[in-house]
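Written below as structure tokens is the structure these notes are about.
The values are calculated or read from the model by the stated rules, or taken from the named source; none is laboratory data. These figures come from a predicted structure and were not determined experimentally. Ideal geometry is used to build each Cβ from the backbone, glycine not excepted, and the neighbour counts take in all protein chains shown. Ligands, DNA and RNA are excluded from the accessible area calculation, which covers all protein heavy atoms including side chains. Shrake-Rupley method; radii C 1.70, N 1.55, O 1.52, S 1.80 Å.
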Amino acid sequence: MTADAKIPASEQGDRETLSALQGRRLGQLLTDIYGRSAFYTRKLEEAGIRLGGSGKPIGALRVPADLATLPLTTRGELIADQEAHPPWGTILTEPIDHYTRYNQTSSTTGRPLRWLDTNESWQWMLECWKAVYRGARVGPLDRIVFAFSFGPFLGFWTAFDAACQLGAHSVPTGGMSSQHRLAMIDAVGATVVCCTPTYALRLAEVAGQERKGGRPLSASSVRVLIVAGEPGGSIPATRERIEEAWGARVIDHHGLTEVGPISFECWEAPGFLHLNEGEYICEVVDPATLEAVPDGQSGELVVTNLGRRASPVIRYRTGDVVVRRSQPCRCGRTLARIQGGILARTDDMVNIRGVNVYPAAIESLVRRFREVVEFRSTVSHTGAMRSLSLDIELTPTTEDGPAIVTKLSQQLREALGLTVGVHIVEPGALPRFEMKARRFVVET
């Protein structure tokens, strides 16, 4: 096992010093992008903030007291900007020939957002990913398999480059089947796998089908899986199922294409994600009033990245619903943490007969049933009303499917306050996913 990397001073400092540092870096960032990013120059001036002349001077801003004076940024604004000024919009701060990296959002809820980076801004994200590896106790002695398509979605691209810089043996498996990826894990003696929670379970399913009577997946060389792209890594039932199948530790992480790698789990405190406050200013606000909420209360995560100056985002509404805790962690880090990872997304919520339903709430219940291999929930219209139904695939060894249906239906009714029709489908009838799963279907 690789020894835990030394925690840098930037992750252990007192919060007052951290706020002062964030304030200085924010002032420098705003000074750097003012007049260079047409998008943010306009937004800052509309908010009465200018580099010189009349208005509130950038250098006078204080963190966190003056954050609310800065304008919020939404995904809708960024998409509208790119549509009005194709293909890149007006957010960039450098001449276009300085940009070397292209990525785009996964587009699960609409038109993809294009995003560019220079070598410098890309390197900043790699440094953020190295914090993820430190938390996971991953270092140069590890062999990391990236079970990822390596398409234009940012995904684990930065993780791969950061691993190479760490000196780890980095193995890409884009374009491979699940069977070939499992064979690669065995062939190279992988100690770490990076993938989505859904795909970790899919690999376990394929391994179970192919290794009957042979060496189980839990006996492989893999000791840790770093998962991202979905909330499953912090959903206890999903996490437990992955860890049991692989005989390895799950480390959760989250980020966004337009923001970068924001948070990471440490080895010592499962179920909490450290916010990388040395590189980001992270706020939690009420999504309706946009007022800051106190620790322990759920709200929407709003993020400012302090080092991605070539393609910055200021007070970006992530849509991620979180609960922040600011007490120091037993790992020694003083960075604030989000409890339970990403609890939901504001754009995923669907109101069904007066009840707000989130996909993560359904997954947290379904994954408790080990007999359920895969599932899909569907929101449909019955006249003017919406209804929710659930299709499930069961393991071949399940003996009493109707009893599972009855028990799952009862637990869904108790948890959601809704009657949910649960239906068993044939093995293999439901789709499998390598990237972000689409198990929550809303019919239009």
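Tabulated data for the structure shown
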read-out	value
Fully extended contour minus Cα-Cα distance, from Asp295 to Val355, at 0.36 nm per residue	19.1 nm
Placed amide H near Ile352: partners under 5 Å, 5+ positions off or other chain	Val357
FRET efficiency, Thr100 to Arg438 (Cβ-Cβ, R0 41 Å, nearest 0.05)	0.85
Segment 305-444 - share of DSSP beta bridges that are antiparallel (%, nearest 5)	70
Fully extended contour minus Cα-Cα distance, from Gln179 to Glu240, at 0.36 nm per residue	19.7 nm
Highest average packing first - 233-246, 419-432, Cβ atoms within 10 Å	233-246, 419-432
Options Gln410, Ser221, Val206, ranked by Cα towards positive dipole end of the chain, top entry (Cβ charges)	Ser221
Convex hull volume of segment 286-429 per residue (C-alpha atoms, cubic angstrom)	197
The chain - percent of accessible surface contributed by carbon and sulfur, probe 1.4 Å	52
Contour excess over end-to-end distance, with Cα ends at Arg111 and Thr419 and 0.36 nm allotted per residue	107.5 nm
Highest-first arrangement of 19-30, 393-404, where packing means the average Cβ count within 10 Å	19-30, 393-404
Where the chain is the region considered: accessible area per residue in Å², 1.4 Å probe	42
Under Karplus coefficients 6.51, -1.76 and 1.60, residue-wise ³J(HN,Hα) of segment 340-355 in Hz, glycine/proline x	x, x, 7, 6, 5, 10, 4, 8, 8, 5, 10, 8, 10, 6, x, 10
Spacing of the two label points (7 Å from each Cα toward its C-beta) at Asp186 and Ala288, in nm	5.5
Sites Asp32 and Ser218 - FRET efficiency at Förster radius 51 Å, r taken between beta-carbons, to 0.05	0.55
Electrostatic dipole magnitude of segment 314-444 [Cβ: Lys, Arg +1; Asp, Glu -1; Cα centre; debye, to 20]	980
Only Lys, Arg (+1) and Asp, Glu (-1) charged, at Cβ; the chain dipole about Cα centre in debye	320
Amide hydrogen neighbours beyond the local backbone of Gly255, cut-off 5 Å, H modeled	Gly229, Ile262
Ranked by how many other beta carbons lie within 10 Å on average, peptides 183-191, 96-104, 32-40, 307-315 from highest	307-315, 32-40, 183-191, 96-104
Simple label model, 7 Å out from Cα along Cβ direction - Glu46 to Gln123, nm	3.5
